[in-house]
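> Okay, handing you the structure first.
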Amino acid sequence: MNLIAIHTGHDGSVSVCSNNKLLFHQQIDRYNKSKHQAYPSFELINKINSFNLSFDKVIFTAISHRSVTDLWQDIFKNGLLKCNKNCEVYAHLDKHHDFHAFSSAWFFNEHIDYHIVWDGNGSTYNLGDNFYCFENTSIYDGQFNLLNKQCHTSDNVNYKDNNFVISSNLQIGKAYEQVVKELKIGVHNEGKVMALSSWGKINKDLKKQLLFNNNFSSNYFKTQKDFTLNNINYYKLLPNLTTNINDKESHDFLKTFQSTCEEIAFNTVNKYNNKTIALSGGVTQNVLINSHLAKTNNKILANPLCSDQGISLGALYFYTQGNLEKKEGIYLGFKPNYNLEIFNQYKVVDCDSIEVAKIVYKEPVALFQGPSEQGQRGLGNRSLLINAFDKHCLNKINLIKRREWYRPFACSVLKEELHKWFYPLKVDSSYMMFVLKSKKKMLNVTSKDGLCRAQSVDKIKNKHYYDLLKNYQKLYKVPLLLNTSLNMPGHTMVETLEDLRYIFEHTELKYAWLPEIQKLIIK
């Protein structure tokens, strides 16, 4: 039986399985080239059709009618993707948090006691004329029985019935959305707020004003019905909240805000003792929260497919009744087509990891191999690398990335060397879902407070990347490299060789290594 699940809201994705075997899981925006958008593209349709499948079940998921489900339905109606005669079609505006939890259950190959799903908006609940609420936080046991659901409404309502809570007080995900809007840095940029928070100091008096019943107080965080849309700041959190390097007031507000998020999350999780807890939903992208939770007496699993691009996987897991075959790691996209003819204008030479280690000591090198990693991080298949201790490395890397002044870069380190360079947490550091405190001075890959999104690399999950780091260590006595996702600012991550050529043509990137075929492309 062939199943396809398509999440048609923001951060959309497509997942396909045949007889319970996952064939691929792919973020849609990597092919339509519009970040976070889920509309179909012919290139992606052709990739799906390369598997020569006709589908028995088609599952659409979204959180609102403002999704692009109709565009994907037209793809099937027009025969661009094929269905069998008795094909069953399902459409869900419900089950958003359920699918997040199912995604975690599929990804982690171990027993899970509790699932916590938290985000800005999940499914919508209509509770009467012009009255509705959005799920923000859901807690399930290991069998997916709902234990608690908290929803936000912009109406002045506070309601509790057994395990269902509706409140105008904001939870972490919704509060973060409002801070992003107040900063005017564009939607889906919560990570920038988190990064800027490291430059501030905690204001204890402000923190007391922010908190109410383990949520954010609606006395301070107003709802969207409290203000009209005009030229004033939308939420009135703090007048003129900015990302300016000299705006210490804004930095302190953001530090206090982040600390409050961590306290709310800690209070949610700390009531459990010695349990395995899987986190998913957009809030799980906040690596500072994840790391703070690792200090509880619980085993914390942070799903690297935690944003909505993991929803289609969760839907497949649900519709295969939990029988979707497990896959190791995050490299779930399509295998690349190594047509090097498109690089005829550049030099292409044979090259092994030893020679690449010598180049990356001085210059940025793109690492392109295998199925792409899904999620927000470049984890060695679509990565941009450089010597983390080169005093000019940030200038060199920012000729390509042009990252804001307050955003730190991450690094990758040999798994067996991790403890020598960082104070470890009892977590899996394979996916950059946690931050570790550095033991040594590493200004180019740590935040202002010495924290790093360190990826531990082992030979099983990524042999070629491991070999590169190993040879780099042999040459320079350092087992780590600065690692950032392979993309230009505002662009999706490189997916295909054509994308790689584009970044060659439009940036200062000079080297790209293709380890599966042992080739180096040189500008």
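The values are calculated or read from the model by the stated rules, or taken from the named source; none is laboratory data. From a predicted model like this one, the values you see are computed outputs, not experimental measurements. So basically every Cβ, Gly included, is an ideal-geometry build from the backbone, and we count neighbours across all protein chains shown.
> Looking only at strands (runs of 3 or more DSSP E) that fall completely inside segment 103-196, which ones have 1 or more residues that are within 22 Å of Asn215 (Cα to Cα) and small (Gly, Ala, Ser)? It would help to see each step written out before you state the result.
Numbers: elements: 114-118, 124-128, 131-141, 146-152, 158-161, 164-167.
Correct list: 131-141, 164-167.
> Residues being among the polar types (S, T, N, Q) and buried (at least 20 other Cβ atoms within 10 Å of the Cβ): count how many of those fall in segment 89-117.
Keep residues of segment 89-117 that are among the polar types (S, T, N, Q), which gives 103-104, 109.
Keeping just the survivors that are buried (at least 20 other Cβ atoms within 10 Å of the Cβ) gives 103-104.
Summing the residues that are among the polar types (S, T, N, Q) and buried (at least 20 other Cβ atoms within 10 Å of the Cβ) in segment 89-117 gives 2.
> Okay, next question. Out of Leu399, Leu384, report the one residue that is within 17 Å of Gln455 (Cα to Cα) and of a type outside the set (S, T, N, Q). Give the steps one after another, and end with the answer.
Details: Leu399 fails: within 17 Å of Gln455 (Cα to Cα).
Unique residue meeting the criteria: Leu384.
> Restricting attention to segment 46-75, which residues are touching a Leu at 6+ places or on another chain (Cβ under 7 Å), under 23 Å from Gly375 (Cβ atoms) and part of a helix (DSSP H, G or I)?
Once the filter is applied, which keeps residues that are touching a Leu at 6+ places or on another chain (Cβ under 7 Å), under 23 Å from Gly375 (Cβ atoms) and part of a helix (DSSP H, G or I), segment 46-75 yields only Ile48.
> In this structure, is Gly128 on the phi > 0 side of the Ramachandran plot, outside the structural domain of Gln171 (by TED's automatic domain parsing) and out of contact with any Lys or Arg (no Cβ under 6 Å at 6 or more places or on another chain)?
On the way: on the phi > 0 side of the Ramachandran plot: yes; outside the structural domain of Gln171 (by TED's automatic domain parsing): no; out of contact with any Lys or Arg (no Cβ under 6 Å at 6 or more places or on another chain): yes.
Answer is no for this residue.
> A follow-up question, please. Is there a residue being assigned to a loop (DSSP other than H, G, I, E, B) and either farther than 21 Å from Phe216 by Cα or of a type outside the set (Ser, Thr, Tyr) (or both) anywhere in segment 83-91? Before you say what the answer is, go through the steps one by one.
Pass one, segment 83-91, residues assigned to a loop (DSSP other than H, G, I, E, B): none.
No - not one qualifying residue is present in segment 83-91.
> Same structure, new question: Of everything in segment 305-363, what is small (Gly, Ala, Ser) and crowded, with 16+ Cβ neighbours inside 10 Å? Give them in sequence order.
Our first condition is that a residue be small (Gly, Ala, Ser); within segment 305-363, this holds for 307, 310, 312, 314-315, 322, 329, 333, 353, 357.
Ser307, Gly310, Ser312, Gly314, Ala315, Gly329, Gly333, Ser353, Ala357 - these are the residues of segment 305-363 that are small (Gly, Ala, Ser) and crowded, with 16+ Cβ neighbours inside 10 Å.
> A further question follows. So, in segment 46-88, of the ones that are aliphatic (A, V, I, L, M) and surrounded by fewer than 16 Cβ atoms within 10 Å (Cβ to Cβ), which residue ends up nearest to Tyr125 (Cα to Cα)? It would help to see each step written out before you state the result.
As a first pass, look at segment 46-88 and keep what is aliphatic (A, V, I, L, M): 48, 53, 58-59, 62-63, 68, 71, 75, 80-81.
If we keep only those that are surrounded by fewer than 16 Cβ atoms within 10 Å (Cβ to Cβ) as well, we get 71, 80.
On the way: Leu71: 25, Leu80: 34 Å.
For segment 46-88, the residue satisfying everything is Leu71.
> Among the residues of segment 118-134, which ones are over 20 Å from the mean Cα position of the chain (by Cα) and buried (at least 20 other Cβ atoms within 10 Å of the Cβ)?
Taking segment 118-134 and keeping what is over 20 Å from the mean Cα position of the chain (by Cα), we get 124-134.
Of everything in segment 118-134, those that are over 20 Å from the mean Cα position of the chain (by Cα) and buried (at least 20 other Cβ atoms within 10 Å of the Cβ) turn out to be Cys133, Phe134.
> Can I ask one more? Quick one: count up the residues across segment 27-45 that are crowded, with 24+ Cβ neighbours inside 10 Å and either outside any helix (DSSP H, G or I) or in contact with a strand residue (DSSP E or B) (Cβ under 8 Å, 6 or more places away or on another chain) (or both).
Residues meeting the conditions: 3.
> Within segment 112-121, does at least one residue satisfy the condition of being assigned by TED's automatic domain parsing to the domain that holds Tyr272 and at pLDDT below 95?
So far as segment 112-121 goes, yes, one or more of its residues are assigned by TED's automatic domain parsing to the domain that holds Tyr272 and at pLDDT below 95.
> Which pairs have Cβ atoms under 8 Å, sit 6 or more apart or on different chains, and link a residue in segment 25-54 that is more than 16 Å from Ser15 (Cβ to Cβ) to one that is among the acidic types (Asp, Glu) and in a loop (DSSP other than H, G, I, E, B)?
Between residues of segment 25-54 that are more than 16 Å from Ser15 (Cβ to Cβ) and residues that are among the acidic types (Asp, Glu) and in a loop (DSSP other than H, G, I, E, B), the close pairs are His36/Asp11.
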